[in-house]
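Scroll down for the structure; my scribbles are underneath it.
The values are calculated or read from the model by the stated rules, or taken from the named source; none is laboratory data. Bear in mind that the values here come from a model prediction, so they are computed numbers and not experimental data. Here the Cβ is made from the backbone with ideal geometry for all residues, glycine too, and neighbour counts use every protein chain on show. The area values use the complete protein model at the heavy-atom level, side chains included, leaving out ligands, DNA and RNA. Shrake-Rupley method; radii C 1.70, N 1.55, O 1.52, S 1.80 Å.
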Amino acid sequence: MATSLRKPTLTSCSSSATETDDEGVRGTCEDASMCKRFAVSIGYWDDPYIQHLVRLSKERKAPEINRGYFARVHGISQLIKAFLQKTECHCQIINLGAGMDTTFWRLKDQGLLPSKYFEVDFPTIVTRKLHSIKCKPALSKPILELHSEDTLQIDGHMLDSKRYAIVGADLRDIPELEEKLKKCNMNTQLPTLLITECVLVYMSPEQSANLIKWTASSFGTAMFINYEQVNMGDRFGHIMIENLRRRQCDLAGVEPCQSLESQKERLLSNGWETASAVDMMELYSRLPRAEVSRIESLEFLDEMELLEQLMQHYCLCWATRGGGELGLKEITYSSVQGSS
């Protein structure tokens, strides 16, 4: 059962609101979720929650894709843990474009929950995730265990509890985004970690700049993590763009994705004080050897060159603002080298 008699219950409220989303961009959420689900199913990393949110694809994913997702999940996880350690978990995390991400549940298992964890995505994606949360005790029970009120009211596109909130909003509409987060008790005085994974690239450069400016100006002590494409001006990058375009998914914000320097400059020019960036092949080469040996034994990779090409076209960036007394600026490249 999702709850005991002394715990609150999830109560659904009717909602007549309708939203229209970019179908191509929504499709990338589905693709990424299914890739992660497949990689977990063959042992790349442990995630007992993704099975409750994402179906297992019958189609086998290529080894280079699985290794790429491992590096992505590992790198982001290490940066999150570094931030939580610096703030001693007295902070909030806001995942912008969270999709079917399971970080909240995994952090709870590890005893590393922040004061509050927020997720934002397209309303239709949030509705789907909320349905899974309501129907799957493995997802609802951890939320309810941390909640002290009698009931949780859920409308079609929002859930707010003591330690976890999920809201449906368009990240290009900053006033709406801010209003909905504040309704869920976002605290601008708390140290805040903001995360975007392959999100900014689907907005125009102006729209992503506005979102980055809002994140930098809203929180006095903060860190921003961005995972997305890089080195997109070469032939391989052009092929990636064209392949997505054929699926009605245009990379409207590819301009800042030309190099690691352009990625850092976007953050620095929009209010962040420090910025670092590394391409995923470099990150992969610095992973703990024992972990690399373990994942490379899971399946045979025919062409290392293809893995290198792919991972040289994605990067992990992080930026900080304030937090001198916490040592946020000390979160450097070594932070993503630790073991899982």
Tally of residues being surrounded by 19 or more Cβ atoms within 10 Å (Cβ to Cβ) and part of a loop (DSSP other than H, G, I, E, B) across segment 105-123: 3
Tally, over segment 191-208, of residues that are assigned to a helix (DSSP H, G or I), of a type outside the set (A, V, I, L, M, F, W, C) and either touching a residue at least 24 places away in the same chain (Cβ under 8 Å) or open to solvent by less than 20 Å² (accessible area, probe 1.4 Å) (or both): 4
Verdict on L181 being modelled with pLDDT of 95 or more and of a type in the set (A, V, I, L, M): yes
Residue list for segment 254-269, filter: open to solvent by 60 Å² or more (accessible area, probe 1.4 Å) and either among the β-branched types (V, I, T) or in contact with a strand residue (DSSP E or B) (Cβ under 7 Å, 6 or more places away or on another chain) (or both): L268
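Is it fair to say Q248 is over 19 Å from the mean Cα position of the chain (by Cα) and farther than 30 Å from Y44 by Cα? Show your work before the answer.
Numbers: over 19 Å from the mean Cα position of the chain (by Cα): yes; farther than 30 Å from Y44 by Cα: yes.
Yes; evaluated as a whole, the condition is true for this residue.
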Tally of residues being open to solvent by 60 Å² or more (accessible area, probe 1.4 Å), under 21 Å from A209 (Cβ atoms) and not in a helix (DSSP H, G or I) across segment 170-190: 2
Residue that is modelled with the lowest pLDDT [pool: residues in segment 54-75 that are open to solvent by 20 Å² or more (accessible area, probe 1.4 Å) and within 23 Å of C135 (Cβ to Cβ)]: K58
In segment 275-317, residue farthest from the chain's Cα centre (by Cα) [restricted to those that are surrounded by 17 or more Cβ atoms within 10 Å (Cβ to Cβ) and β-branched (V, I, T)]: I295
Contacts under 6 angstrom Cβ, first residue in segment 66-87 being touching a residue at least 60 places away in the same chain (Cβ under 8 Å), partner open to solvent by 20 Å² or more (accessible area, probe 1.4 Å) and in a helix (DSSP H, G or I), 6 or more apart: G68/L310; Q78/S335; L79/S335; A82/S335
Test: residue in segment 42-53 that is farther than 29 Å from P288 by Cα and modelled with pLDDT under 95: no
W272 vs. criteria aromatic (F, W, Y) and crowded, with 19+ Cβ neighbours inside 10 Å: yes
Among (1) in contact with a Pro (Cβ under 9 Å, 6 or more places away or on another chain); (2) of a type in the set (V, I, T); (3) modelled with pLDDT of 95 or more - the single one T196 does not satisfy: (1)
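Give S276, S293, S285 a once-over and let me know the one that is of a type in the set (S, T, N, Q), in contact with a helix residue (DSSP H, G or I) (Cβ under 8 Å, 6 or more places away or on another chain) and closer than 17 Å to A71 by Cβ. If you could, list the steps in order and put the result at the bottom.
Values: S293 fails: in contact with a helix residue (DSSP H, G or I) (Cβ under 8 Å, 6 or more places away or on another chain); S285 fails: in contact with a helix residue (DSSP H, G or I) (Cβ under 8 Å, 6 or more places away or on another chain).
Answer to the selection: S276.
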Test: residue in segment 143-164 that is open to solvent by 30 Å² or more (accessible area, probe 1.4 Å), β-branched (V, I, T) and assigned to a strand (DSSP E or B): yes
